[in-house]
Amino acid sequence: MKTGGGIGWILSMAWRDSRGSRRRLLLFVSAMVLGVAALVAINSFGVNLRRAVDEEARTLLGADLSLEADAAFPPEVEALIDSLGGRQSRRISFASMAYFPRTKGLRLVTVRAHAGDYPYYGAVETDPPEAAKTYLDGPNALVDRTLMRQFGAQVGDSVRIGRRMYRIAGQLLKTPREADAAMLFSPRIYLPIAGLDSTLLSRGSRADFEVYFKFDDGRDVEALGEALRPRLRRADVGVDTVGEVRDNWDEGLTNLYRFLGLVGFMSLLLGSVGVASAVHVYVRQRVETVAVLRCFGARAWPTFGVYLTQAVSMGLFGAFAGSLLGLGVQVLIPRLLADFLPVDVAFSVSWGSVALGVGIGLGVTVLFALLPLIGVRKVSPLLALRSAYEPEREKRRDPLRWALYGLLAGGVTLLAVAQAPRPLVGVGYAVGLAVVFGLLAAVAKLIMTLARTYFPSSWPYVWRQGLANLYRPNNQTLILMLALGLGAFLIMTLFLVQRTLVRQVELSGGAGRPNLVFFDIQPDQLEGVTGIIRANGLPVIDRVPIVTMRIAAIKGRTIEDLRADSTARLSWAHTREYRSTYRDHLTDAETLVEGAYIGVMPEDADVVPVSVERDIARDLGVALGDTVVFDVQGVPMTTRIASVRAVDWRRMQTNFFFTFPTGVLEDAPQFDVVLTRAPDDDASGAVQAAVVHAFPNVSAIDLSLILSVFEAIFGRIAFVVRFMALFSILTGLIVLAGAVIVSRFQRIEETVLLKTLGASRRQVLRIVAVEYLFLGLFATLTGLTLAVLGSWALAFFVFDTPLVVSPVALLLALAVVTGLTLGIGLLNSRGVYERPALEVLRAEG
Amino acid sequence: MPEVLEVDRLTKAYPSAGQALTVLRDVTFTLEDGDTCAVVGPSGSGKTTLLGLCAGLDSPSSGRVRLCGVDLGALDEDARAQVRNRYVGFVFQSFRLIPTLTALENVMVPAELRGNREARAPAVDLLGQVGLGDRLTHYPAQLSGGEKQRVALARAFINRPRILFADEPTGNLDTETGEKIIRLLFELNASAGTTLVLVTHDHELARRTGRILRLRGGEVASDERLRSEPAAVEKEAGA
């Protein structure tokens, strides 16, 4: 029989050896629990979400099939619609100003005018419920709940859309196809099509025309959709089927919950680092035991097996506890994301996600624990005779260690890829994490080296002792740097990016810049609108004429040609409607990149020299000198790219993809945009009311409205992300507590010795305080510095805007995290001083 | 009598500051079944190094160790562990009990490692022999130094080793307790017929063995044979 430890011995030894450490082991593994919980909650929610989307796919469209165009359907399409049969409903959607006379409230809204029984699946939920049906019977309106609340409107009040007054029949609670968050951008008002003010749909105004079908003859609607798409594409009519809508939502929502999963994944990794660190210390404390076992004949692998068994047990406990907690947290997620979801997500346990969570939790715990554990194989039995120094070289040479590093990197990347919306994002995420971890670890090493090299020998004893604890054997500098630094980095990056984006919007409405835009002004209304603005004491900062047009041909090939050519790259940029202007100058938001801006149409030219925006030029595949033929509302106009411009789209002003020289489009059908600046909300409200009252088809956008919408949306997203980041922070705190407790065990002997040599409680506590003060300060400072750098990179490369740094927030974060570290450190050190020296020395011996 | 331990021109050197520091040089001796031998010498003379090499805890730079007929140099670490488990017992100066195991469990460990499922009864018996029959479930932290070393003695004999290595077994104990431990050690050793290698600073203690190997600067300074009958040792120790 082969001696040296069989399975039975490994199991019983693992159980016996864990005595006295089980509570500590559970604390270490609890760092994993939150990460697993986050993953299980998010993934389980994701499964339920997909099921809900699948089950409610018909209600997402509200019909079997829909056709959509951004202009009234041409006669041949109307004929096709008639031929399709089934039950049909019509809907026209457009932006308009809504005016509430009783409270004098005025706001840009999305009007949805309906005729027919749409939705056929699902329901429009209203208060009172019967209003969802009865509003079509007369001049009634259903008004979005948030809008009602904003203006203090009540059912029975009036609302004016265009020149028509409607009675509010009920408030809209839930509508098919629309998530609540969309309401923030533009609240909805439902009206009957019959009696709609036709001036609202005048030339130049944007409107979407839709027809919804319900077929009771069981025909294959997906096949019908496939058949209709190529025919209707030519007429710029889009076709939606239940399958298409479901796929779109599936994709979008999968991205959403997977992104949240990545945030959860971060806390799992942080917890893993905590576990690795704790196991490292745990193994170090077991070296003598291992040496004794080896002396008495234990082979290397069974000895390693004892500690692997403990790690697996820890991992299993953490994974199961995390999964249970995750299922609890899952109840919260639909509430958290309610604004972004088009369907109600019911709670049910996704066993697949639980199994995945348990698997990932166990796998990650064991993988990270293995790093310190494999050292057990190399413990020499000679250590039982004398404490020998094990050369680091041997550690580095261990091929298993390198294999583990590879496995860890591969495993983490694989997990990140599995969790990310796209594989490349997952790889980027893993690399980013590695960089942040690496930087934090490098700073930790640097601090230890600097503290040792430039040790302040003249400082008082307590300070020197506390500082020296940063680099002495058994120090916790590295793990605390990782835990605290990562937490501070995450939270502060999120905060700074949010601040930067909000500030960017605020800045765009800075002094002297327009903050109120009136659009859809017909040429004959221009004088009236500017007159009202001036009469209200406000300046007309700019007046911009706008002509709508489409591209008919590009570089000698018509759009029809391009459509027919399957090898041609045809994008939305080719088929969209362009709103262009004409002027003889560049604005301060524009920079000439190539060519020369020609402001006035040359008399002898055959083609019109136009200027194109850089990005759309890339999408269209056009360059300087290329010809583009526009269809200007029925009139073909040949143009040549004379210049390429870069446009700062963040400016609160009218920007264009194409600009024309003066002397060409003046006689084309057009409408105007007028920009002004109102000093405050009252002045803004007054001038909007006056303009809309006189010209109901004119709409207005107030910068403060955009700001508030932006803040509301970002606030909700940030709340969701912060909720997930909370897992990382709590994990960080648990890792911190674990690390502090580990060091408490390590420092207990030292404290007793200091006490024996005459150190007072105050001195002992001050040494602890100094150590954790330095740790907290250094870790937070590093995390915050990385956050500033990371936010700067995001602001510069992604958002193309200067970073807004908030010194107050940075100082506050520094104080809070350092304070927490100090507090936990001191809390854990209490009681150490009171323990009798003999008891301590015996327990440790 | 068959040779239990054959040490042949044993040398051990460590790299130190770019040079080899030789801590043991050309040590040769043999021990037969039932022999008792003390290794004495000043600190740094190589006593513990010699003990570690003889027990297969370390590998020599040159030379050879045969333990119970097995050439340790030909074995890897795991194979040496099996040899130790089969033939060797240890008693350490600082007891080296596993703190998370009770006294009984500590004693059972070597037998369990051998795959012995009936280790409890002999372990209880041994603990009774060393006077700790009422301390079976106590943990090391609940025992005095003398009690710890008695548990270590019981553990050393649980597998009925052919050779026992004791490294300063009384070094951490007061004189009175140390004396009791030594008496116990010799009694157990004699009754089991085990060969004993005892590393000590204590010349009085060394003289109770049958042979004294004096080390100085890593070399054998003298090899003094006091008596050849282990039974005489027992008698003297018991006297």
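The values are calculated or read from the model by the stated rules, or taken from the named source; none is laboratory data. Given the structure is predicted, the values throughout are model-derived calculations rather than measurements. All Cβ positions, glycine included, derive from the backbone under ideal geometry; neighbour counts span all protein chains shown. Remember, those area values only see protein heavy atoms, side chains included, never the ligands or the DNA or RNA. Shrake-Rupley method; radii C 1.70, N 1.55, O 1.52, S 1.80 Å.
Check the range B:17-31 and report whether any residue there is assigned to a loop (DSSP other than H, G, I, E, B), more than 10 Å from chain A (Cβ to nearest Cβ) and open to solvent by less than 60 Å² (accessible area, probe 1.4 Å). Steps first, please.
The initial filter retains those residues of the range B:17-31 that are assigned to a loop (DSSP other than H, G, I, E, B), namely B:17-18.
Restricting the remaining residues to those that are more than 10 Å from chain A (Cβ to nearest Cβ) gives B:17-18.
When the remaining residues are screened for being open to solvent by less than 60 Å² (accessible area, probe 1.4 Å), the result is none.
Looking through the range B:17-31, none of the residues is assigned to a loop (DSSP other than H, G, I, E, B), more than 10 Å from chain A (Cβ to nearest Cβ) and open to solvent by less than 60 Å² (accessible area, probe 1.4 Å).
Take the residues in the range B:117-144 that are crowded, with 18+ Cβ neighbours inside 10 Å and within 14 Å of another protein chain (Cβ to nearest Cβ); name whichever of them is modelled with the lowest pLDDT. It comes out as B:Ala119.
One line per residue, one yes/no per condition, for (1) among the hydroxyl-bearing types (Ser, Thr, Tyr); (2) free of Cβ contacts under 8 Å to residues at least 24 places away in the same chain; (3) within 14 Å of chain B (Cβ to nearest Cβ); (4) part of a helix (DSSP H, G or I):
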| site | (1), (2), (3), (4) |
| --- | --- |
| A:Tyr282 | yes, no, yes, yes |
| A:Gln310 | no, no, yes, yes |
| A:Gly326 | no, no, no, yes |
| A:Gly361 | no, no, no, yes |
| A:Thr365 | yes, no, no, yes |
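Taking the range A:493-606 and the helices (runs of 4 or more DSSP H) fully enclosed by it, the elements with 2 or more residues that are at pLDDT 90 or above are at A:526-535.
The requirement of being touching a residue at least 40 places away in the same chain (Cβ under 8 Å) and small (Gly, Ala, Ser) is not satisfied by A:Gly531.
Among A:Leu25, A:Leu60, which is the only one that is within 14 Å of another protein chain (Cβ to nearest Cβ) and farther than 30 Å from B:Arg80 by Cα? Write out each step before concluding.
On the way: A:Leu60 fails: within 14 Å of another protein chain (Cβ to nearest Cβ).
It is A:Leu25.
Quick check: anything in the range A:46-57 within 30 Å of A:Lys214 (Cα to Cα), over 31 Å from the mean Cα position of the chain (by Cα) and open to solvent by 20 Å² or more (accessible area, probe 1.4 Å)? For the range A:46-57, residues within 30 Å of A:Lys214 (Cα to Cα), over 31 Å from the mean Cα position of the chain (by Cα) and open to solvent by 20 Å² or more (accessible area, probe 1.4 Å): absent. Looking at A:Ser728, is it crowded, with 19+ Cβ neighbours inside 10 Å, outside the structural domain of A:His574 (by TED's automatic domain parsing) and either in contact with a Ser or Thr (Cβ under 7 Å, 6 or more places away or on another chain) or at pLDDT 70 or above (or both)? Criteria met by A:Ser728. Tell me whether the range B:62-74 contains one or more residues that are assigned to a helix (DSSP H, G or I), more than 7 Å from chain A (Cβ to nearest Cβ) and under 15 Å from the mean Cα position of the chain (by Cα). Looking for residues that are assigned to a helix (DSSP H, G or I), more than 7 Å from chain A (Cβ to nearest Cβ) and under 15 Å from the mean Cα position of the chain (by Cα), one finds none in the range B:62-74, hence no.
Scanning the range B:95-109 for residues that are within 7 Å of chain A (Cβ to nearest Cβ) and either in contact with an Asp or Glu (Cβ under 8 Å, 6 or more places away or on another chain) or modelled with pLDDT under 90 (or both) yields B:Arg96, B:Ile98, B:Thr100, B:Leu101.
Report, by residue number, each residue of the range B:179-212 that is free of Cβ contacts under 8 Å to residues at least 12 places away in the same chain and not polar (S, T, N, Q). Break it down into steps so the answer makes sense when it comes.
Restricting attention to the range B:179-212, the residues satisfying the condition of being free of Cβ contacts under 8 Å to residues at least 12 places away in the same chain are B:179, B:191, B:204.
Of everything in the range B:179-212, those that are free of Cβ contacts under 8 Å to residues at least 12 places away in the same chain and not polar (S, T, N, Q) turn out to be B:Glu179, B:Glu204.
Annotation: of all residues in the range B:163-177 being within 12 Å of another protein chain (Cβ to nearest Cβ) and acidic (Asp, Glu), the one that is surrounded by the fewest Cβ atoms within 10 Å (Cβ to Cβ) is B:Glu168.
Of the listed requirements (1) over 23 Å from A:Trp301 (Cβ atoms); (2) surrounded by fewer than 22 Cβ atoms within 10 Å (Cβ to Cβ); (3) modelled with pLDDT of 85 or more, A:Ser387 misses just one: (3). Here is a check on your reading of the model: is A:Ala79 open to solvent by 10 Å² or more (accessible area, probe 1.4 Å), more than 14 Å from chain B (Cβ to nearest Cβ) and either assigned to a strand (DSSP E or B) or free of Cβ contacts under 8 Å to residues at least 60 places away in the same chain (or both)? So A:Ala79 passes the test. Only one entry in A:Leu341, A:Leu332 is open to solvent by less than 50 Å² (accessible area, probe 1.4 Å), modelled with pLDDT under 85, under 30 Å from A:Glu125 (Cα atoms) and away from every other protein chain (no Cβ under 14 Å), namely A:Leu341. Against the condition more than 25 Å from the chain's Cα centre (by Cα), of a type in the set (Lys, Arg) and modelled with pLDDT of 85 or more, how does A:Arg842 come out, does it pass? For A:Arg842, the condition - more than 25 Å from the chain's Cα centre (by Cα), of a type in the set (Lys, Arg) and modelled with pLDDT of 85 or more - is not met.
Filtering the range B:85-113 down to residues that are assigned to a loop (DSSP other than H, G, I, E, B), without any contact (Cβ under 8 Å) to a residue 60 or more places away in the chain and open to solvent by less than 10 Å² (accessible area, probe 1.4 Å), which residue is nearest to B:Val4 (Cα to Cα)?
Residue satisfying both the conditions and the ranking: B:Ile98.
Quick test for you: out of A:Arg233, A:Arg286, pick the one residue that is within 30 Å of B:Asn116 (Cα to Cα) and of a type outside the set (S, T, N, Q). Checking each option against the conditions leaves just A:Arg286. Against the criterion of being surrounded by fewer than 17 Cβ atoms within 10 Å (Cβ to Cβ), modelled with pLDDT under 90 and either assigned to a helix (DSSP H, G or I) or not small (Gly, Ala, Ser) (or both), B:Arg160 does not qualify.
Out of curiosity, is B:Ser59 within 9 Å of chain A (Cβ to nearest Cβ), modelled with pLDDT under 95 and within 21 Å of the chain's Cα centre (by Cα)? I'd like the intermediate steps shown before the answer.
Working: within 9 Å of chain A (Cβ to nearest Cβ): no; modelled with pLDDT under 95: yes; within 21 Å of the chain's Cα centre (by Cα): yes.
No, not satisfied.
Against the test of being crowded, with 16+ Cβ neighbours inside 10 Å, touching a Leu at 6+ places or on another chain (Cβ under 8 Å) and at pLDDT below 80, the options A:Ala488, A:Ala483 yield a single qualifying residue, A:Ala483.
Out of all the residues in the range B:80-94, is one or more over 25 Å from B:Ala192 (Cα atoms) and modelled with pLDDT under 90?
Keep residues of the range B:80-94 that are over 25 Å from B:Ala192 (Cα atoms), which gives none.
No - not one qualifying residue is present in the range B:80-94.
Taking the condition farther than 30 Å from A:Gly326 by Cα, of a type in the set (Asp, Glu) and outside the structural domain of A:Arg299 (by TED's automatic domain parsing), does A:Asp17 pass? When the stated conditions are applied, A:Asp17 does not pass them. B:Arg80 meets the stated requirement of being crowded, with 23+ Cβ neighbours inside 10 Å, of a type in the set (Lys, Arg) and facing chain A (nearest Cβ under 9 Å).
One residue stands out among those in the range A:84-131 that are in a loop (DSSP other than H, G, I, E, B) and either of a type in the set (A, V, I, L, M) or within 32 Å of the chain's Cα centre (by Cα) (or both): the one that is surrounded by the fewest Cβ atoms within 10 Å (Cβ to Cβ), which is A:Ala123. Restricting attention to the range B:197-215, the residues that are part of a loop (DSSP other than H, G, I, E, B) and either closer than 14 Å to B:Gly178 by Cα or open to solvent by 10 Å² or more (accessible area, probe 1.4 Å) (or both) total 5. Of the strands (runs of 3 or more DSSP E) contained entirely in the range A:614-709, those carrying at least 1 residues that are at pLDDT 85 or above fall at A:627-632, A:635-647, A:658-660, A:671-676.
Name every residue in the range A:418-443 that is touching a helix residue (DSSP H, G or I) at 6+ places or on another chain (Cβ under 7 Å) and either at pLDDT 85 or above or closer than 27 Å to A:Ala779 by Cα (or both), in order of residue number. Correct list: A:Gly426, A:Val427, A:Tyr429, A:Ala430, A:Leu433, A:Val436, A:Phe437, A:Leu439, A:Leu440, A:Ala441, A:Val443.
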